[in-house]
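The values are calculated or read from the model by the stated rules, or taken from the named source; none is laboratory data. All values reported here derive from a predicted model rather than from experimental measurement. Every residue, glycine as well, gets a Cβ built from its backbone with ideal geometry; the counts of neighbours run over all protein chains shown. Each accessible area value is taken on the protein alone, full model and side chains, heavy atoms only, with ligands, DNA and RNA left out. Shrake-Rupley method; radii C 1.70, N 1.55, O 1.52, S 1.80 Å.
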Amino acid sequence: MRVRRKRRIVRALRKSNELRVVQNNTNHIRPDDILLVSTVRNEKIRLPYFLHYYRGLGVNHFLFVDNDSTDGTEEYLRGQQDVSLWHTTASYRRATFGVDWMNHLKRKFAHGHWTLVVDPDEFFIYPFCDTRPIRALTDWLDNSDIRSFSAMLIDVYPKGRIDEVPYSAGQNPLEIAPWFDSGNYSVKKNPTYGNLWIQGGPRRRVFFADEPEKAPALNKIPLVKWDRRYAYVSSTHALLPRGLNQVYETNGGEKASGALLHTKFLDTFTAKATEEVTRNQHYAQSAEYKAYADTMQGQPDLWCKWSEKYINWRQIEILGLMSKGNWA
């Protein structure tokens, strides 16, 4: 595992040559700032609310990699003082689906910082997030000597056709897509990295009904007290050193955890799925997006009689999809 981690770091250094600086405001980063790192492509419509949400949580600086957007994403981000931005035309797939680029940026700028790694359609929630900023969480993690914090990905969706209600820039996507599966999840342990592997929700239920074992993984570790010796190896599903993946209790109790509300299923989704099938830049020859594009031809309604409408983090905790552990 040590050799594998070092190879990841060397790979990230090599792939850093693919990044061109558009705007570098990292000189404004203070020693205790909380950072967010994300790779984006054609996400201009999502970015206004995304930035608003995470600034509201207490993120101090954003590091974006723009993978050759054509919708004005780069122009929108340029000029914002808490944003640093890099551009690349290189292959997303050959950069381990963006992981190599982000590993490099974190190694260079995030050492010693609590750092979130999320996609622009993911919204991090955690115990007491309605009353406590993210710094309250990271302070507690520091005091508890915890270096990494997990969050289960929860797909949210509208009731009715996905394209029925158009999404507007700056809008909270939960106004359109507040429903989620309250159950229907399976959990097993990954023997290689020691992380939990979670599958289920509407993507397994609808898009991978015939091959549920191929449904996307829902386990993530998006918040880490970063060290330049660390490296993600598979999106934010697994990290090295291996001990960072021990984000669950093995002695019968519960460790604190969060959730990522995944707002993929808006009216923009069909066009996005079609584009990604054509680009063929995702895992397993974009098999996931091929399943999306094929199923979307039938204009499915992801809502079912077991769907539950999102209210707040306490509801997610009661359902057992996240835990406050001993953080009172």
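Some observations on this one:
- Rolling a 1.4 Å probe across the protein heavy atoms gives the chain an accessible surface of 44 Å² per residue.
- Apportionment of accessible area to carbon and sulfur, the chain, percent (1.4 Å): 48
- In this rough spin-label picture, where each label sits 7 Å from Cα along the Cβ direction, the Met1-Val21 distance is 3.6 nm.
- Applying both filters, DSSP loop and at most 14 other Cβ atoms within 10 Å, to the trypsin sites (Lys or Arg not before Pro) of the range 17-95 gives Arg78, Arg94.
- Estimated Rh, the range 144-215: Kirkwood, alpha-carbon pairs, angstrom: 14.8
- Estimated FRET transfer efficiency when R0 is 41 angstrom, pair His111-Lys305 (beta carbons, to 0.05): 0.25
- Label zone at Val187, where the point sits 7 Å out along the Cα-to-Cβ direction: the range 243-261 residues whose backbone N lies under 12 Å: 247-258
- Computed from the C-alpha gyration tensor, the three semi-axes of the ellipsoid equivalent to the range 1-136 are 23, 19, 14 Å, from longest to shortest.
- Projected label distance in nm at Gln81 and Glu275, using a 7 Å step from Cα toward the beta-carbon: 3.1
- Working note: Debye formula, equal point scatterers on the alpha-carbon atoms of the chain, no solvent; log10 I(q)/I(0) at q = 0.12, 0.16 Å⁻¹ is -0.83, -1.67.
- Expressed in Å, the radius of gyration and Dmax of the Cα atoms of the range 27-73 are 11.7, 35.
- Annotation: extensible slack from Leu319 through Ser144 equals 60.5 nm (criterion: 0.36 nm per residue apart, minus Cα-Cα distance).
- Subset of Lys189/Lys324; Lys220/Lys264; Lys15/Lys290; Lys44/Lys272; Lys189/Lys220; Lys188/Lys324 violating a 24 Å alpha-carbon distance limit: Lys15/Lys290
- Per-residue HN-Hα couplings for the range 117-122 [Karplus 6.51, -1.76, 1.60; θ = phi - 60°; Hz; x = Gly/Pro]: 10, 9, 8, x, 10, 10
- Based on alpha-carbon atoms, the Kirkwood radius and the radius of gyration of the range 194-283 give Rg/Rh equal to 1.02.
- GluC sites (Glu not before Pro) restricted to the range 148-222 and DSSP loop, no more than 16 other C-beta within 10 Å: Glu164
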